[in-house]
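Below: the structure, in C-alpha cells.
Here, each number is a calculation from the coordinates, and none is a lab measurement. The structure presented is a predicted model; accordingly, all values stated were derived computationally and were not measured. Please note: Cβ atoms are built from the backbone with ideal geometry, for glycine as well, and neighbour counts cover all protein chains shown.
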Amino acid sequence: MAKKRKTIQIITLIIFLTLMVLGKIQLWMVVFLGGLLLSTVMGRLYCGYVCPINTVMEVVDKDADKRKRKRLKTPKWAKSSIVRIGVLLLFFITFIFVRKTGKKLPVLPAMFAVGILLTVFFEPSFWHSNLCPYGTLFSFFSKKSKVGYTIAEEGCSKCGLCVKNCPADAIKQEEDKTVSSILKSQCLVCGKCEALCPTKAISYDKAQSTQVV
C-alpha cells in the first residue's frame, strides 16, 4: 500500500507542477473539490495521497528524521480554533477577490512554498492541523467519514510510536499510555501509524465510533 501511495503522490505532484508552469493552476481546484467530496466517505485521502504540499513536506520531514534534526513544536497560540478559522476566512476572501477583480494571485504556489518552509523549522503538525486552509476544510468534511484508520484495543501494546510519529497529531493517548482514538478530522490517511505499529493493531477500514472520533 505504501508503494502505491508513493506512486500516486509522484504522479499528482507532476500534474500540479505542470499546471503551475503552464499557468493553469486553477484547474487543480477540480482535483481538490473531488477530494473534498470523497473525504465525507473515506477521510482525508486527498491529504495523504494527492496533496502536493504534503508530498514534498514528507521528503523534508524524512530528511529531518534521518539527520535527527530537532524542529520547533507548534506554538500554543496556533492551536486556537480562532487561528484556523481566521486563516480559512483569509483564504476565502482572497479567492473572492481574485474572482471579482480577475487578478491572478499565486495563492496555491504561495501555500506550497509556505507549507514546505514551515516544515524545515517546525514539526509538520503546525501546518497540517493549524495553518493549512485546505486542511481545515477537510477536517470539517471528514469528521463523520465512514472509513478511516482504527486501533484494535486488544492488540495495542501502548508503545506510543503511532502517537509520536503522527504528522498531524491525530492520535490521542490517555495518561495511562492507552491510545484512545484516531481523530478522523485530523488524520491525513498517510498510513505512517499502520506501518510503524509493531503489533499490527492499526488498520484502515470501516470506522468504529469507539476507536475513531
- Could you pull out every Cys in the chain that lacks a partner Cys with its beta carbon under 4.7 Å away? C47, C51, C132, C156, C159, C166, C187, C190, C197
- Given H placed on each backbone N at 1.01 Å, which residues far from Q173 in sequence or on other chains put an amide H within less than 5 Å of it? S180
- Query: Residue-wise, which Karplus ³J(HN,Hα) couplings in Hz belong to the stretch 58-65, taking 6.51 cos²θ - 1.76 cosθ + 1.60, θ = phi - 60°, and x for glycine or proline?
  - Reply: 5, 5, 5, 5, 5, 5, 5, 5
- the stretch 147-206: translational diffusion in µm²/s, Stokes-Einstein, Kirkwood Rh over Cα pairs, 10 °C, 1.306 mPa s: 142 µm²/s
- In nm², the average projected area of the convex hull spanned by the Cα atoms of the stretch 106-164 is 5.7 nm²
- Message: Could you tell me the extents of the chain's C-alpha atoms along the three principal axes, largest first, rounded to whole Å?
- Response: 57, 38, 36
- Message: Helix-only estimate, please: 222 nm mean residue ellipticity of the chain, summing -39500 (n - 2.57) across DSSP H runs of length 4 or more and dividing by its residues, to the nearest 500.
- Response: -15500 deg cm²/dmol
- Query: Out of the DSSP beta bridges found with both residues in the chain, what percent are antiparallel (nearest 5)?
  - Reply: 80 percent
- Item | Listed residues T55, L27, Y149: farthest to the positive end of the dipole of the chain (Cβ charges) | L27
- Burial-style ranking of 88-101, 52-65, 126-139, 5-18, average other-beta-carbon count within 10 Å with highest first, yields 126-139, 52-65, 5-18, 88-101
- Taking R84, R44 and counting other beta carbon atoms within 10 angstrom, the fewest-first order is R84, R44
